[in-house]
Amino acid sequence: MRCFSPSLVDRNLAKKKINTMRWYRIQALIIRHLYLFKRSMPRLMDIFFWPILELLLWGFLSLYINKLNIVGFNAVTVLLGAVIFWDLLTQSQRAVSVAFLEDVWERNFLNIFVSPLRLSEFLASTIILALLRIVAVGLLMALIAFFFYHLNLLIFGFSLIPFVLNLLVFGAAVGLFTTALILRYGTSAQVLAFGMLFLVQPFAAVFYPVSVLPQMLQWVAYLLPPTYVFEGMRAVIATGMLPSGLLLGAIVSNIIFFVLLSWYFYRSFAVVKMKGKLLKLD
Amino acid sequence: MAILEVQDLVKEFGPVKAVNGLSFEVQEGTITGLLGPNGAGKTTTIQMILDLITPTSGTINVFGLPIHDNREEVLGKMNFSSPYVSLPGNLRVRENLATFARLYGVKDVWGKIDELADFFNIRKLLGRMTSTLSTGQLTRLNLTKALLNDPKLLLLDEPTASLDPDIADRTRKMLQRIKNERGVTILYTSHNMEEVEEICDTVIFIDQGSFKDQGTPTDLVKKYGHKDLNEVFLTIARGSEFSKEED
Ligand SMILES: Nc1ncnc2c1ncn2[C@@H]1O[C@H](COP(=O)(O)OP(=O)(O)OP(=O)(O)O)[C@@H](O)[C@H]1O
Ligand SMILES: [Mg+2]
């Protein structure tokens, strides 16, 4: 028979000091979700089909607006660019929410959380999935925009990197927030998982500059990280340069949102463990 | 040697005292039954041992370590299965097992799956979509998942509930094989006293969140002067209710 007493405790205490995330556990979850995409048509449709449709709709609208010959306004670049970047944001948010919901729907959540998986590893896996999704959808949309509407996203140059990263992080933060709401208030809060970003859209200056908003709403706009990305996008189109103030604004506001919303997520998880609702999620 | 020690465990859900000062030990190498009427606090206790529910107070030591501060270490050597959790139906059996093998950091993922597929005789099912399995096949699959990390302690919440007598019997045999051939300690709940008598080395009775009695099925039957464990259950379960009705 084995003795579990002091030696194991000591060894464990030593181990606890090097308290790191494990890549193999993150990878396990990523592969688990990739298995799904391998054969699920509805999933692939959801990811690729709707963005393409949206792109076509806005693409033709932009062509029409361009025909109206408004001086100094290239609708294709401004509107299509906005459509594409906005879509990346929603992709990120959905990737995070759905990665969580998938396990709730399949009643697999407890299986995952009786393993040594940490919450941070779970989050990391969803954010990596979101990044993969953004890159895949982004590439496809960029190609379609290029071949159908002659919009070359490379005009954004290196600004593309901060744009995409900021959209990824804010989308993930909102995804975490909706996940936390579902944890707390049950799957009836699921609609939020898909609608939350629409609440943000009017104020994030996606298709129009912040300056058209009433003063009060301008303040709201500048609280939101995506605002800086879309203002930045228009600035690059107009001047070829990304003003460092906008970049800084995006980063600072994103850090604030991410910290607050992931704190809320951790907090919700703790509350749910306290209330014993983890096994009553469905 | 106690592999699991629960001491003065309390869990309050608002006004409900689901677990009320519960203490017990589970000895290594045994199948221990955690028994009690509906609402006695069995599931709540198991979930606290798994760190899925945070106790109001009390301590839980697994392998000599407090679970809450040693989640990773302890959960890595423990596993759990129950009919109220399931593996994703939209993955193949093989994919599900590989996912959990990776989550537990199993070195030779496919080797382990092979070994357990033979043990549980599910080799033919590996390529199937999990949603197409029958209840009996799912039970075997869930047990396979629960053994992927070679756990020292296995917690099972009503593993034989809703199984037909044949599958239930096979499952019992499997639990005994898991204990005997793989040296796994099992703590499990069941409402089937015949089954408990058949496979448990020890049983722990709880009621209204408190410890009532513990012993081997044979000893308890003798102690209460009954003919079987079913009657012991009734005496323990009704004892508290009768006394409540009386006053
Ligand atoms: N999340 C929760 N919130 C509030 N009360 C709860 C919660 N979970 C359990 N309870 C209550 O705690 C008590 C113990 O429940 P538990 O599920 O642990 O019992 P059990 O012994 O597993 O019963 P059963 O044999 O029916 O499975 C019950 O009164 C139950 O209603
Ligand atoms: Mg129960």
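Of all the C-alpha pairs in segment B:2-52, what % are more than 14 Å from each other?
Working: 697 of 1275 pairs.
Result: 55 percent of Cα pairs exceed 14 Å.
Using a 7 Å offset from the Cα along the Cα-to-Cβ direction at both A:PHE49 and B:ALA2, what is the distance between the two label points in nm, to one decimal?
A separation of 5.8 nm, rounded to one decimal place.
Rounded to the nearest 0.05, what FRET efficiency do A:ILE251 and A:LYS275 have when you use their Cβ-Cβ distance and R0 = 45 Å?
On the way: r = 36 Å, r/R0 = 0.80.
The value I calculate is 0.80.
Got the relative contact order for chain B handy, in percent, Cα pairs under 8 Å and 6 or more residues apart?
Working: 428 pairs, mean separation 64.6, N = 247.
Answer for chain B is 26 percent.
Leaving out ligands, DNA and RNA, what percent of the accessible area of the protein assembly as shown is carbon and sulfur, probe 1.4 Å?
Details: 14560 of 23170 Å².
Looking at the protein assembly as shown in its full context, I get 63 percent from C and S.
Would you mind giving the mean number of other chain beta-carbons within 10 Å of the Cβ of each residue in B:88-99, as a whole number?
On the way: counts 10, 4, 8, 8, 3, 0, 1, 6, 5, 0, 4, 10.
Across the residues of B:88-99, the mean count of other-chain Cβ atoms within 10 Å is 5.
Taking 0.36 nm per residue of sequence separation and subtracting the Cα-Cα distance, how much length would be gained by fully extending the chain between A:LEU199 and A:LEU57, in nm to one decimal?
Details: separation 142, 0.36 × 142 = 51.12 nm, distance 2.17 nm.
Roughly 48.9 nm would be gained on extension.
Over its Cα atoms, what ratio of radius of gyration to 2.2 N^0.38 Å does segment A:180-282 give?
Numbers: Rg = 17.5 Å, N = 103, 2.2 N^0.38 = 12.8 Å.
Against the compact-globule rule of thumb, the ratio is 1.37.
Binning at 10 Å from 0, report for segment B:65-196 what percent of all alpha-carbon pair distances ends up in each bin.
12, 44, 36, 8, 0
Can you give me the C-alpha center-to-center distance between segment A:53-114 and segment A:194-238, rounded to a whole angstrom?
15
Using only the alpha carbons, work out the radius of gyration and Dmax of segment B:168-239 in angstrom.
12.8, 39
Relative to the longest principal Cα axis of chain A, at what angle does helix A:23-39 sit, 0 to 90 degrees, rounded to 10?
The helix A:23-39 is inclined about 60 degrees to chain A.
On a 1.4 Å probe surface of the protein chains, which of A:TRP23, A:TRP58, A:TRP105 comes out largest in accessible area, and what is the full order? Don't jump to the answer; show the numbers that get you there.
Working: A:TRP23 140, A:TRP58 60, A:TRP105 115 Å².
Ranking A:TRP23, A:TRP58, A:TRP105 by accessible area, largest first, yields A:TRP23, A:TRP105, A:TRP58.
Mean residue ellipticity at 222 nm from the helices of the protein assembly as shown, using -39,500 (n - 2.57) per DSSP H segment of n ≥ 4 over the full residue count, to the nearest 500 deg cm²/dmol? Write down the numbers at each step before the final one.
On the way: 21 runs with 304 residues, N = 529.
Result for the protein assembly as shown: -18500 deg cm²/dmol, rounded to the nearest 500.
So what is the diffusion coefficient of segment B:87-150 in µm² per second by Stokes-Einstein at 20 °C and 1.002 mPa s, using a Kirkwood Rh over Cα pairs? Please list the in-between numbers first.
Numbers: Rh = 11.3 Å.
It comes out at roughly 190 µm²/s.
So in the protein assembly as shown, what percent of DSSP beta bridges are antiparallel if you round to the nearest 5?
Working: 22 of 39 bridges.
Counting DSSP beta bridges with both partners in the protein assembly as shown, the antiparallel share is about 55 percent.
Counting alpha carbon pairs within less than 8 Å and at least 6 residues apart, what relative contact order, in whole percent, applies to segment A:24-280? Don't skip to the end; give the middle numbers.
Numbers: 274 pairs, mean separation 55.7, N = 257.
In percent, rounded to a whole number, it is 22.
Using only alpha-carbon positions, what ratio does the radius of gyration of segment A:68-171 give when scaled by 2.2 N^0.38 Å? Display every interim value, and only then the final one.
Details: Rg = 17.6 Å, N = 104, 2.2 N^0.38 = 12.8 Å.
Computed over Cα atoms of segment A:68-171, the ratio equals 1.37.
My understanding is that a pair violates if its Cα-Cα distance is over 19 Å; which of A:LYS275/B:LYS145; B:LYS77/B:LYS107; A:LYS273/B:LYS145; B:LYS11/B:LYS223; B:LYS42/B:LYS222 do that in this structure? The partial results should precede the final answer.
On the way: A:LYS275/B:LYS145 27 Å; B:LYS77/B:LYS107 14 Å; A:LYS273/B:LYS145 24 Å; B:LYS11/B:LYS223 30 Å; B:LYS42/B:LYS222 24 Å.
Correct reply: A:LYS275/B:LYS145; A:LYS273/B:LYS145; B:LYS11/B:LYS223; B:LYS42/B:LYS222.
Which residue, chosen from A:MET196, A:VAL252, A:MET274, occupies the Cα position most advanced towards the positive end of the dipole of segment A:158-282, where the dipole is computed from +1 (Lys, Arg) and -1 (Asp, Glu) charges on Cβ about the Cα centre?
Value computed over the given set: A:MET274.
Write down the Kirkwood hydrodynamic radius of chain A, to one decimal in angstroms, obtained as one divided by the mean of 1/r over all alpha carbon pairs.
On the way: mean 1/r = 0.0486 Å⁻¹.
Taking every pair of different Cα atoms in chain A, averaging 1/r and inverting gives 20.6 Å.
Pulled fully out, how much extra length does the chain show between A:LEU68 and A:LEU143, if you take 0.36 nm times their separation in residues and subtract their Cα-Cα distance?
Values: separation 75, 0.36 × 75 = 27.00 nm, distance 2.56 nm.
24.4 nm is the gain from fully extending A:LEU68 to A:LEU143.
Quick check on chain B: of the DSSP beta bridges with both residues there, what percent are antiparallel, nearest 5%? Could the numbers behind the result be given before it?
On the way: 22 of 39 bridges.
Taking every DSSP beta bridge with both residues in chain B, the antiparallel ones total about 55 percent.
Quick one: give the max-minus-min coordinate of the C-alpha atoms of the protein assembly as shown along each principal axis, largest first, in Å.
Dimensions of the protein assembly as shown along the principal axes of its Cα atoms: 98, 53, 46 Å.
Along the three principal axes, how long is chain B when you take its alpha carbons, biggest first, rounded to the nearest angstrom?
60, 41, 33
Amide H neighbours of B:LEU34 under 5 Å, at least 5 residues apart or on other chains, H built in the peptide plane: list them.
Here B:TYR188, B:THR189, B:SER190, B:ILE204 satisfy the definition.
Give me the accessible area of A:ILE251, 1.4 Å probe, in Å² rounded to the nearest 10.
Approximately 80 Å² for this residue.
Determine the distance separating the Cα centre of segment B:80-143 from the Cα centre of segment B:24-61; give it in Å without decimals.
With segment B:80-143 and segment B:24-61 each reduced to a Cα centre, they are spaced 26 Å.
The values are calculated or read from the model by the stated rules, or taken from the named source; none is laboratory data. Remember, predicted model here, so these are calculated numbers, not experimental data. All Cβ positions, glycine included, derive from the backbone under ideal geometry; neighbour counts span all protein chains shown. Only protein heavy atoms, including side chains, enter the accessible area calculation; ligands, DNA and RNA are left aside. Shrake-Rupley method; radii C 1.70, N 1.55, O 1.52, S 1.80 Å.
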